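To start, the structure itself, in structure tokens.
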Amino acid sequence: MNGATVGSASGAARRPVFPFAALIGQAPLQQALLLAAIDPGLGGVLISGPRGTAKSTAARALAELLPEGQFVNLPLGASEDRLIGTLDIETVLRDGSVRFSPGLLAKAHRGVLYVDEINLLPDALVDALLDAAASGVNTVERDGVSHSHDASFVLIGTMNPEEGELRPQLIDRFGLMVELQNAFEPRTRQAIVKARLAFDHDPAGFRAAYAQQQAAYVQRIHTARAALPQLAFDDAVHAHVSALCIDAAVDGLRADLVMLRAARALAALERAAGVTAQHVDRVAGAVLIHRRRQHDPQASHSDQPESAAPSQDGTGNGAAYSAASLSSSADTDWGYLPPEPTAAVPVKSVIPLGAKKR
């Protein structure tokens, strides 16, 4: 970890980073980011919120806690080759050897790949991002030649809902989602501004005041990653996860899988002996908020149980979008699109001019 700065993808721009431990009023976001850092296979974190709510600040702060301290930013105008890398086919044909030029996915390995306004990216790029984030591997194929490399990173995507949404097929593939709001509580707002002014005035002194807490976060992430394989799920945890996902009317099984992995990451973060239903409740909001569908009021399970109520961490389990925008995808293995009735329009037969009726 780089103790003072976070490297960009180019390695040229380096600047002091606002400490993760000094973020104020962002407990749900900090929890989601830590869980994704502990288990990058969760599929990343989607942060939705208005401008000026510390989305990029939190992403850079998390990168500093990871082994390489690498922060890679994907610009909106990036091409697919810049993202996944390129193969030199001429070298293959001439020498029989594979010559690979790494892209941003390779540079983000063991760090953070940050995508601002991810809802404005082409769908093909978002697909490639999500595939690599979930698998930890990037594979480039050109004309029958392929090359694979490790690409284990924490994907953090941000979006402003006022500028458009992600397609349901893509938003469902993000492991966790957090919705940020503007701070309208006077004391919280003042505390945030004071902290930012203090950091801008004396970055080194401000960071020194949080050095011990920062080191503790680094150690907690390291320890939690090592503990993940030892934590199992009992039948009671599986049953609780199933009940929450059924009540939310999610499509497919991705929500169940992500909820279990997120609960396990939280248990590892807290050095718990096992995964419990309480861990599930505390991650359920971030897992379901972008997957929940509105219930049929006539359905027997339409009433939301207490177990699906907003958790104390403030993430909430409430629906954030309409049922139409949250309908999950025809996403290969996990989702489906339910059939929809199509209105029938009666068509009158037309007899050509001069033809005789039979």
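Just so you know, all these numbers are worked out from the coordinates, no wet-lab data involved. Only a predicted model underlies this, so the values are computations on that prediction, with no experimental measurement involved. For neighbour counting, all protein chains shown are included, and Cβ atoms are generated from backbone atoms with ideal geometry for every residue, glycine included.
Sorting 291, 142, 225, 282 from the fewest to the most surrounding beta carbons within 10 angstrom yields 142, 225, 282, 291.
Sequence-ordered 3J(HN,Hα) estimates for region 154-167 from the Karplus curve with 6.51, -1.76 and 1.60 and θ = phi - 60° stand at 8, 8, 10, x, 10, 7, 9, x, 5, 9, x, 10, 7, 4 Hz, glycine and proline given as x. The H on the amide N of residue 154, modeled in the peptide plane, is under 5 Å from the matching H of 111, 112, 113, each at least 5 residues off or on a different chain.
Just rank 55, 194, 107, fewest to most, by other beta-carbon atoms within 10 angstrom. Ranking 55, 194, 107 by Cβ neighbours within 10 Å, fewest first, gives 194, 107, 55. Annotation for region 241-273: trypsin sites (Lys or Arg not before Pro) lying in DSSP loop with at most 11 further Cβ atoms inside 10 Å of their Cβ are 271.
Close amide H pairs (under 5 Å, H built 1.01 Å from N) link residue 137 with 151, residues at least 5 positions away or on another chain.
For region 119-221, rounded, prolate or oblate, judged on the Cα gyration tensor with a ≥ b ≥ c (square roots of eigenvalues), a/c < 1.5 rounded, else prolate if a/b > b/c? It comes out oblate by the Cα gyration axes.
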